[in-house]
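Asks: The structure follows.
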């Protein structure tokens, strides 16, 4: 089955700096890669996603890049703010079953004011 | 996005008992899933809830322990049977394939289960 590895497990940055989280996946058939943000005690919230026919997608301060050949994708957050502090999960799925995902282990991002 | 309601939001249960968790969506969705998130860890898919037929379970999860129902396109239940302290976790339902969501997946608020 699919295996998703996520790095780093913890990341601490100064407010205003950029943060990058990287994931690799094993199943070349995976074609949908969402990123979720989970604040303490809350549900995971989809923040951005990318499909395998696209190399990069941006939404304001958040961007995701995908390298299908190398089977890795990354989340980039620019101009970080304290409210960006949370656990971020990458995931991979295939076909149209976006909800049937394999998740990475998560990255705890701390943005220091 | 769809509004997903899970009940109960939390519960403390005695070992050996069972708990049924409900997931209600305010619009029809194609797919419903159940995940488990153990404290401080990632999400693990338990099963796909299939409307009108038996759920499809992932490796390591069995129907006798986690029976699932999905009588229609807006509702599903997950039962955690014969509970032990190892079942203490957050259980989340997830939906995708609705009119508003397209193929993106969204999560309910979760049920925090503690088994004593």
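Asks: So residue A:108 fits all but one of (1) out of contact with any strand residue (DSSP E or B) (no Cβ under 6 Å at 6 or more places or on another chain); (2) within 12 Å of chain B (Cβ to nearest Cβ); what number is the exception?
Replies: Residue A:108 satisfies every listed condition except (1).
Asks: Also, I was wondering about something else. Considering the stretch A:39-56 alone, what residues qualify as being in a loop (DSSP other than H, G, I, E, B) and under 21 Å from residue B:40 (Cβ atoms)?
Replies: Hits for the stretch A:39-56 are A:39, A:40, A:41, A:42, A:43, A:44.
Asks: If you don't mind, there's one more thing I want to ask. Inspect all residues belonging to the stretch A:3-19 and state whether any of them is within 11 Å of another protein chain (Cβ to nearest Cβ) and within 24 Å of residue B:108 (Cα to Cα).
Replies: Yes.
Asks: Next up: In this structure, does residue A:69 turn out to be assigned to a loop (DSSP other than H, G, I, E, B) and in contact (Cβ under 8 Å) with a residue 12 or more places away in the chain?
Replies: Details: assigned to a loop (DSSP other than H, G, I, E, B): yes; in contact (Cβ under 8 Å) with a residue 12 or more places away in the chain: no.
Taking the combined requirement at face value, the residue does not satisfy it.
Asks: If you check B:76, B:42, B:53, B:59, which single one turns out to be within 11 Å of the chain's Cα centre (by Cα) and within 22 Å of residue A:98 (Cα to Cα)?
Replies: That would be B:76, the only listed residue that is within 11 Å of the chain's Cα centre (by Cα) and within 22 Å of residue A:98 (Cα to Cα).
Asks: Suppose we keep only residues that are on the phi > 0 side of the Ramachandran plot and in contact (Cβ under 8 Å) with a residue 40 or more places away in the chain within the stretch B:90-116. Which one would you say is nearest to the chain's Cα centre (by Cα)?
Replies: Filtering first and then ranking leaves B:110.
Rundown of residues vs (1) surrounded by fewer than 16 Cβ atoms within 10 Å (Cβ to Cβ); (2) within 14 Å of another protein chain (Cβ to nearest Cβ), yes/no style:
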| position | (1), (2) |
| --- | --- |
| A:57 | yes, yes |
| A:62 | no, no |
| A:77 | no, no |
| A:80 | no, no |
| A:84 | no, no |
| A:87 | no, yes |
| A:92 | no, yes |
| A:102 | no, yes |
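Asks: Now a separate question. Answer yes or no as to whether residue B:67 is surrounded by 13 or more Cβ atoms within 10 Å (Cβ to Cβ), more than 22 Å from residue A:42 (Cβ to Cβ) and touching a strand residue (DSSP E or B) at 6+ places or on another chain (Cβ under 6 Å).
Replies: yes
Asks: In addition: Looking at residue A:36 and the list (1) touching a residue at least 24 places away in the same chain (Cβ under 8 Å); (2) assigned to a loop (DSSP other than H, G, I, E, B); (3) facing another protein chain (nearest Cβ under 10 Å), which single condition is not satisfied?
Replies: (2)
Asks: Taking the stated definitions as given, is residue A:113 more than 14 Å from chain B (Cβ to nearest Cβ), touching a helix residue (DSSP H, G or I) at 6+ places or on another chain (Cβ under 6 Å) and surrounded by fewer than 17 Cβ atoms within 10 Å (Cβ to Cβ)?
Replies: yes
Asks: Hey, another quick one. Would you check which residues across the stretch A:72-97 are more than 12 Å from residue A:33 (Cα to Cα), touching a residue at least 60 places away in the same chain (Cβ under 8 Å) and part of a strand (DSSP E or B) and list them?
Replies: A:88
The numbers here are math on the coordinates, done by the rules we state, and not lab data. Quantities reported herein were computed from a predicted structural model and do not represent experimental measurements. With ideal geometry, Cβ positions are generated from the backbone for all residues, glycine too; neighbour counts draw on all protein chains shown.
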